[in-house]
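*Asks:* One structure is given below, represented as C-alpha cells, and several questions about it will come after.
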Amino acid sequence: MDSEWTREREGSSSSTPCSNHDVFLSLRDEDTCKNFTDHLYTALVRRGINTFRDDDELRRGEDITLELLRAIEKSRISIIVFSRNYASSRWCLDELVKIIECRETICQMVLPIFFDVDLSDVWKQSGIFGEVFARLEKRFKVEMEKVDRWRRALKEAVNLSRWDLRNR
C-alpha cells in the first residue's frame, strides 16, 4: 500500500484536485489522544501523509464547525476512531454524518477503527452507545431527525471495512 499510496499522491492530482489533506482523523480526544491516535497521527505524518487533526489544524477565532466540515470535504480519506465516548460528542457525530456524506458524494475513502468498543454496540447503539443515545433523544426531542441521521451514519460506518482494536 505504501508504494501505491505514494505513487497515487505524487502522480495524480486529478482524483481530488481540491484536496488539502490526505487524511482527516475523526476522534474523541479524551478516549484516545495520548495513546493510540497520537501514535497513528505521528506514523501518518512521518510517512509524509498530510493529516488533519482538529487540535493541530484549527486556528483561534475560526468557525470551528464550518472549518471542520471543510477539512472533511477536502480530505481524500477519513479515519474514524470509534471509542467509548465518541458518540457523546455532538461534534464527532456531526463529523461522522459529513464523512458518510462525502463517501457517497465524492467517493471519499472511509476507514473506521474500533478502539476499546464492541462494534455491535456501535451498530445496535447498545451498551455505552445506547446510554448516550438515550440522553441524546431526551436532549434533542424536537430535533429527532438529527438523532436519526447520527444513528444511520453509525450503522453505515460499521458496515465498512474496519479494524477492531479491542484486544490489541
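Please treat every number below as a calculation from the coordinates, not as lab data. The structure displayed is predicted, hence computed values, not measured ones. Cβ placement follows ideal geometry from the backbone for every residue including glycine, while neighbour counts extend to all protein chains displayed.
*Asks:* Nothing charged except the Cβ atoms of Lys and Arg (+1) and of Asp and Glu (-1): what's the magnitude of the dipole of segment 18-164 about its Cα centre? Round to the nearest 20 debye.
*Replies:* 180 debye
*Asks:* Lys pairs in segment 18-164, Cα-Cα under 16 Å, at least 8 apart or on separate chains: how many?
*Replies:* Taking the Cα cut-off of 16 Å, the pair count is 6.
*Asks:* Let me know the shape class of segment 84-168, please: from the alpha-carbon gyration tensor, a ≥ b ≥ c as square roots of the eigenvalues, rounded when a/c is under 1.5, otherwise prolate if a/b is greater than b/c, or oblate.
*Replies:* Note, shape of segment 84-168 comes out oblate.
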